[in-house]
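*Asks:* Can you keep this structure in mind? I'll have questions shortly.
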Amino acid sequence: MSLAPAYVLHQYAYRDTGRILEVFTAEHGRLTLFARGASGAKSTLKGILRPFQRLLLSWSGRTEACALATAEIDGVPTNLSKERLMSGFYLNELLLKLTERWDPHPEIFFSYAACIEALCAGDGEEAALRRFEKRLLNDEPRIVRAEIAKQVQKITSSPDGRAWRAHISCGICTVRKVLGGRVGM
C-alpha cells in the first residue's frame, strides 16, 4: 500500500522490539499493523508512532493484520497538553469501539483530524468533542446501529437484561453502556 494518511489509536508491545498498532485511515478504516523493530534502540520509528500525530503510513498485506513498511510524520508535529490527553484518549476509544476493521469512514477521519487539531490548538475542548460525537452519531448511523445490535444480543442473554432494555432505543445511552459509562454529556 502506498503512503496513506493515518492516526495511531492504540499500540502495545510485541515480542522484544516490535509493536502492534491499531491505526485509523480515511481510505481503509481501522487496521491492525505489525511494526517489527519499532522499539529497538536504532529504530527510526521510535518517536514517530505516537497517538494524535497525523502520519503517512505504508504497509503490505490484506489480511487481518498487515506489516508496517514505512511511517513518516504528515505535516507539523502535534502535541496535546497533559490537560487534554484524556480527551484524546476518549476520541481514540470511541473509534476503537464503534468502527470495524477495513471499513472506511472518510468523513469521520477528517472530523477526528479536525478535533485533534482543535485540542492541540487550545480551542474549546468540550465543543470540539461534542462536534466529533455528533458527526460520529449522526453522519454514520450504521456504526451505531451495528453496535446497538451487538449490545442487544448481549443484554437479552444477560441476567440483568431488564435493567438496560429501556435504554436501548437511545443511541447515546447504548454508547455509554458500550464504553462503561465514560461518555460525558
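Any read-out appearing in this document is the output of simple, stated calculations on the displayed coordinates, not a laboratory observation. Owing to the predicted nature of the structure, the values given are computational and were not obtained by experimental measurement. Cβ: placed from backbone, ideal geometry, glycine included. Neighbour counts: every protein chain shown.
*Asks:* For every other residue with a beta carbon closer than 9 angstrom to the beta carbon of LEU119, add +1 if it is Lys or Arg and -1 if Asp or Glu, then tell me the sum.
*Replies:* Its environment carries a net charge of -2.
*Asks:* To continue, here is another question. For the range 4-73, take the convex hull of the Cα atoms, compute a quarter of its surface area, and give me that in nm², please.
*Replies:* 4.1 nm²
*Asks:* So for HIS10, HIS105, fewest C-beta neighbours within 10 Å to most, what's the order?
*Replies:* In increasing order of surrounding Cβ atoms, one gets HIS10, HIS105.
*Asks:* Related question: As I understand it, the dipole of the range 10-51 uses +1 on the Cβ of Lys and Arg and -1 on the Cβ of Asp and Glu, about the Cα centre. Which of GLY40, PHE24, HIS10 lies farthest toward its positive end?
*Replies:* Looking along the dipole axis, the top candidate is GLY40.
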